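K.L.:
I have a structure here, written as structure tokens, and I will follow up with some questions on it.
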Amino acid sequence: MKVAISGATGFVGKRLVERLHLQGHHILVLTRNVMAAQKSFPSSQFPNVEIVAYTPSESGDWQQSIAGCDGVVNLAGEPIAEGRWTAARKQEILHSRKLGTQKIVEAIALANPKPQVLVNASAIGYYGTSENATFDEKSAAGNDFLAQVCSNWEAEAQKVTSAGVRLVIIRLGIVLGKGGALDKMVTPFKLFAGGPIGTGKQWFSWIHRDDLVNLIIQALTRPDISGVLNGTAPNPVRMNELSQTMGQVMNRPSWLPVPSLAIEALLGDGAIVVLEGQQVVPQRPLAYNFDYQYPTLKEALKDILGNG
């Protein structure tokens, strides 16, 4: 296949490029930063990777490169849980996803020949937060800021279907792997100061990065898969269980809670990402018989943290 990927130098994108390259596919990396992409994918190691400069929010010559691709994966968007949500930052979080997806869809509509599939990221923030409810792909959207961002994001992606292109939207949970969100959580445990964040009762719906990459590849290659998939593992946990499991796997205590106020001071409104959660189940991946390598948190953490 020939696959165009935006967000290819990110935490998930980089692993996806590596896996597709290993399988012999040709990859078109759409990037704002050509030098960073060349550093991530040196031509000596990635001969099948072609790097194309683009401005996600603008139409341009880059759109022509979509023609002849078999599939497109759109993972681009400003990080959500890094820094305070000022009015300007909230605007950037929304626009980077809404406009970025709009321009990808525009490129697909103009392409001749057209890609057969668009795999577009979204997030489980779509459902809003709850300590009690369980959400699957049929659940309604929430009404907080992140739910509105995801609804706008998905609405732009849906427009690709009018061009006769198959669409798969993957609502990502917290992606666990070496680096990323887990890195920030591991540090206190290394210092023997680990513990649950906030009340510990909030839900943590997660997925191992390798499982997510496999799910994206299945979405690309299986014509029977379309619509919304929850990109989460089948066993979400509460924050207390996450903390206890990290302690067990790292052989460290996990009794020292991180107070909500400390997170709020750091992230402002963005603290909602870690202080409030949602219990999300991947009903549709399971219905498609998707095979999770890491269905439980303990298996995932053992692999990532390298103990046991």
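The values are calculated or read from the model by the stated rules, or taken from the named source; none is laboratory data. All values reported here derive from a predicted model rather than from experimental measurement. Every residue, glycine as well, gets a Cβ built from its backbone with ideal geometry; the counts of neighbours run over all protein chains shown. Remember, those area values only see protein heavy atoms, side chains included, never the ligands or the DNA or RNA. Shrake-Rupley method; radii C 1.70, N 1.55, O 1.52, S 1.80 Å.
K.L.:
Which angle between 0 and 90 degrees, to the nearest 10, do you get for helix 87-110 versus the longest principal axis of the chain when only C-alpha atoms count?
P.N.:
Long axis of 87-110 versus the principal axis of the chain: about 30 degrees.
K.L.:
When a/c is below 1.5 the answer is rounded, else prolate if a/b is larger than b/c, else oblate, so apply that to the range 1-124 with a ≥ b ≥ c taken from the square roots of the Cα gyration tensor eigenvalues.
P.N.:
Oblate is the answer for the range 1-124, as a/c is 1.5 or above yet b/c matches or exceeds a/b.
K.L.:
Ok, one more. If the chain between residue 178 and residue 78 were fully stretched, how many nm would it gain, using 0.36 nm times the residue separation less the Cα-Cα distance? Kindly include the intermediate steps, with their values, before the conclusion.
P.N.:
Values: separation 100, 0.36 × 100 = 36.00 nm, distance 2.01 nm.
Contour length minus Cα-Cα distance gives 34.0 nm.
K.L.:
Continuing with the same structure: Note down the nm distance, to one decimal, between modelled labels 7 Å out along Cα→Cβ at residue 109 and at residue 221.
P.N.:
3.2
K.L.:
May I ask you to give the solvent-accessible area per residue for the range 92-239, in square angstrom, as obtained with a 1.4 angstrom probe?
P.N.:
Values: 5550 Å² over 148 residues.
Accessible area per residue, the range 92-239: 37 Å².
K.L.:
Using the Cβ atoms and a cut-off under 13 Å, what net charge is assigned to the surroundings of residue 74, where Lys and Arg are +1 and Asp and Glu are -1?
P.N.:
Overall, the nearby charge balance is +1.
K.L.:
Run the reach check for residue 114 against aspartates and glutamates, Cα to Cα strictly under 19 Å, same-chain hits fewer than 8 apart removed. What comes back?
P.N.:
Hits, sequence-local ones excluded: 50, 61, 70, 106, 156, 224.
K.L.:
First compute the accessible area of the range 197-272 with a 1.4 Å probe, then give the percent of it belonging to carbon and sulfur atoms.
P.N.:
After summing per-atom areas, the C and S share lands at 56 percent.
K.L.:
Now a separate question. Rounded, prolate or oblate: which one fits the range 146-280, using the alpha carbon gyration tensor with axes a ≥ b ≥ c (rounded when a/c is under 1.5, else prolate when a/b beats b/c, else oblate)?
P.N.:
In terms of gyration-tensor shape, prolate.
K.L.:
DSSP loop GluC sites (Glu not before Pro) in the range 82-172 with at most 16 other Cβ atoms within 10 Å of their Cβ, which ones?
P.N.:
Qualifying residues, ordered by number: 82, 131.
K.L.:
Per residue of the chain, what 222 nm ellipticity follows from adding -39500 (n - 2.57) for every DSSP H run with n ≥ 4, rounded to the nearest 500?
P.N.:
-11500 deg cm²/dmol
K.L.:
Considering only Cα-Cα distances, which of the following residue pairs are longer than 22 Å: 39/302; 90/138; 90/201; 138/159; 14/184?
P.N.:
39/302; 90/138; 90/201
K.L.:
With the Cα gyration tensor of the range 63-167 giving a ≥ b ≥ c as the square roots of its eigenvalues, does the rule (a/c under 1.5 for rounded; else a/b larger than b/c for prolate; else oblate) give rounded, prolate or oblate?
P.N.:
Judged from the Cα gyration tensor, the range 63-167 comes out oblate (a/c at least 1.5, b/c at or above a/b).
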